[in-house]
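Please treat every number below as a calculation from the coordinates, not as lab data. Bear in mind that the values here come from a model prediction, so they are computed numbers and not experimental data. Cβ sites come from the backbone with ideal geometry, for glycine too, and all protein chains shown count toward neighbours.
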Amino acid sequence: MSYFSVRHVSKSYDQNPALVNFSLELNKGDFLSIVGASGSGKSTLLRIMAGLEIQDEGEVHLDGELILNPKHKLVSGYDEIKLIHQDYHLFPNSSVEENIARPLLHYEREYAKSRVENLLNLLGLKAFRDRYPRQLSGGQQQKVAIAKALSVEPELLLLDEPFSSLDTIQTHQLIFELKELFQELGTTVIFVTHDLDDALRLTDNLLILQKGKTVQQGTSQELCEHPMSKYVAQLFSPINLIPDRFNSYIRPSNVKLRTKGPLLGHVVDTRYLVHFNSLQVRLKNGGEIWEVDDPLRKFKIGDRVYLQFDEDKVMVLKK
Ligand SMILES: Nc1ncnc2c1ncn2[C@@H]1O[C@H](COP(=O)(O)OP(=O)(O)OP(=O)(O)O)[C@@H](O)[C@H]1O
């Protein structure tokens, strides 16, 4: 049995399935991102993993130990498994230092002191140790919540959309810091998000959840280059349907703009994006609109373009 395993877990609320026969195996120190739309079952899954929710079927094991849910355990949850939410859950009348030290109340004093010092250092919170949560930015509060969760050295850290109340710059900064921190600590981490971009920045190891089921699991490159469904393909970028072919698609970045070629179209719109212009091209045959990257920012509305692509970039996708 692997270090952390979720086997055939199902859960319904009032007959509505939230998780359907979900299974997952992780090794110690693995870092997995679970990506799914709102309502796909992410939070339910994390709560079941943490022993905080009663599943209808299936089992969760951590390091060989069966994780008991609240039906079978008087005090629900485990010290070894920490779940961090988007809304921090800090004690408002305790300082940063006191918040981080709180879970260590029953530990030896010297150990607790050095652990708190270590975490304040690791997360760059030393200058804020005496502040109260309301005196911190969202990103700093989230770091305190993470330090608090890490204080008892959990075996498994579950992050439930931890960046949703932060802006993009704060999020990128925190992702950068957390990546280093988790690598250093070797903690097993599961991060859930609706935002593929955040997941890609944090880890290469992805699982895509749709309507409570795993639709695909693999590295970011595998999923981007060989998606098994339209849903997975579209998480990475828009896709263009190739005329007169069965379920065959091409990504905007894999379309080449030429002065001659098999597919003729007209540019009907252009958008300035950071690394390229994004063109909307109406195909002559069939009137379908394609999205195409123009890295040289050469084309403008009304231009005639020929579109070409390599066969090995074509994706045949099920719905
Ligand atoms: N306590 C509950 N009672 C009834 N239905 C629930 C409950 N919790 C979740 N659900 C339903 O289960 C499904 C999965 O919800 P869940 O919160 O796990 O999804 P999610 O992917 O985390 O969504 P979000 O990203 O919006 O938080 C949804 O249809 C939701 O409405």
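For this structure, a couple of remarks:
- Three-way shape call for the stretch 123-199 based on the alpha-carbon gyration tensor, with the a/c threshold at 1.5: oblate
- Ranked list, fewest to most other Cβ atoms within 10 Å of each Cβ, for S76, S114: S114, S76
- Highest mobility in the GNM of the chain, judged by mean-square fluctuation with C-alpha springs under 10 Å and restricted to K148, K213, K71, is found for K71.
- Comparing V292, V189, V268 in a Gaussian network model of the chain where C-alpha atoms under 10 Å apart are linked, the largest mean-square fluctuation is found at V268.
- Inter-centroid distance (Cα atoms) of the stretch 139-184 relative to the stretch 25-39, Å: 15 Å
- Summary value for the stretch 237-316: 37 percent relative contact order, contacts being C-alpha pairs under 8 angstrom separated by 6+ residues.
- Taking all pairs of distinct alpha-carbon atoms in the chain, Kirkwood radius in angstrom: 22.2 Å
- Taking label positions 7 Å along the Cα-Cβ direction at both L241 and E153, the computed distance is 5.7 nm, reported to one decimal.
- Each of M1, M49, M228, M315 was scored by other Cβ atoms within 10 Å of its Cβ. Listed from fewest to most, they are M1, M228, M315, M49.
- GNM flexibility winner over the chain from Q135, Q15, Q210 (Cα, springs under 10 Å): Q15
- Counting only Cα atoms, the stretch 55-192 measures 45, 38, 29 Å along its principal axes, largest extent leading.
- Subset of K42/K230; K11/K179; K256/K300; K260/K313; K260/K318; K143/K179 violating a 22 Å alpha-carbon distance limit: K11/K179; K260/K318
- From least to most packed, judged by other beta carbons within 10 angstrom and beginning with the fewest, E53, E59 follow the order E59, E53.
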